[in-house]
Amino acid sequence: MKSICLIGFMGSGKTTIGEAVAKKLDLTFLDTDSEIEKWREFDIPTIFETEGEGRFREYETQVLKKLPFQSAVIATGGGIIEKEENRKWLSEHFFVVYLQTSFDVIQQRLDGDEGRPLWNQELEKKEKLYKERKPKYIECADFILNIRKQSVSEVVDQIVSGI
Ligand code: S3P
């Protein structure tokens, strides 16, 4: 079975949902941000601060290219779809699920979050990023799931029945 890759904006629940899907299907769970942190031995905000976003994106692409094509559930960083190269890789090798969440819900969830460098900026810039990214998520998704008020287990069931 093709690995399942969860994509979506920061705060869309990729890690929580991904872990639950992996548990339900008895598959390995992987998270691109955690893989980068393990490899580079620094957390994401430190990498952004000391090496910059450009370098972070290079690490992200390298990690993406090493992910298993089979039998895993993978949560990706919200910006993985920024590079065309990554979008192509995602759609060619994985079953890609886009967790589509409204900007309002994301805002509520990430209120006060300081662990995400790209969330730590003016509201207008975040809204712009959200709007610009949406078509990129859609472009490489096999399955789009609108996240509204479902529980985690309902979302998991929807993904499992969509595979
Ligand atoms: C980013 C999202 C983060 C992380 C980094 C950059 C982005 O992951 O990769 O801070 O560009 O949207 P989450 O989507 O898990 O927050």
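Only the coordinates and a few stated rules stand behind these numbers; no lab work does. What you are looking at is a predicted structure, and each value in this text was computed from that prediction instead of being measured. Quick reminder, even Gly has a Cβ in these numbers, built from the backbone with ideal geometry, and neighbours come from all protein chains shown.
Some observations on this one:
- A search for C-beta distances below 6 Å between a residue of region 22-42 that is β-branched (Val, Ile, Thr) and any residue that is part of a strand (DSSP E or B) and surrounded by 19 or more Cβ atoms within 10 Å (Cβ to Cβ), counting only pairs 6+ apart in sequence or on different chains, returns THR28/ALA72.
- Among the candidates ASN120, ASN86, residue that is of a type outside the set (A, V, I, L, M, F, W, C), within 14 Å of the ligand (Cβ to nearest atom) and part of a loop (DSSP other than H, G, I, E, B): ASN120
- As a summary of the residue check, ARG109 satisfies the conditions (1) assigned to a helix (DSSP H, G or I); (2) within 16 Å of the ligand (Cβ to nearest atom); (3) touching an Asp or Glu at 6+ places or on another chain (Cβ under 9 Å) except for the one numbered (3).
- Residue check for ILE44: crowded, with 22+ Cβ neighbours inside 10 Å and closer than 26 Å to SER102 by Cα: no
- Contact map, region 45-69: first residue more than 28 Å from GLU92 (Cα to Cα), second residue surrounded by fewer than 13 Cβ atoms within 10 Å (Cβ to Cβ) and not aromatic (Phe, Trp, Tyr), Cβ cut-off under 7 Å, separation 6 or more or different chains; pairs are PRO45/GLY115.
- Leading residue by the ranking (nearest to the chain's Cα centre (by Cα)) among those in region 37-52 that are assigned to a helix (DSSP H, G or I) and either near the ligand (Cβ under 8 Å from one of its atoms) or at positive phi (or both): ILE44
- Selection count where residues are assigned to a helix (DSSP H, G or I) and near the ligand (Cβ under 9 Å from one of its atoms), scope region 12-36: 5
- Residue in region 66-80 that is within 13 Å of the ligand (Cβ to nearest atom) and either surrounded by fewer than 18 Cβ atoms within 10 Å (Cβ to Cβ) or part of a helix (DSSP H, G or I) (or both) present: yes
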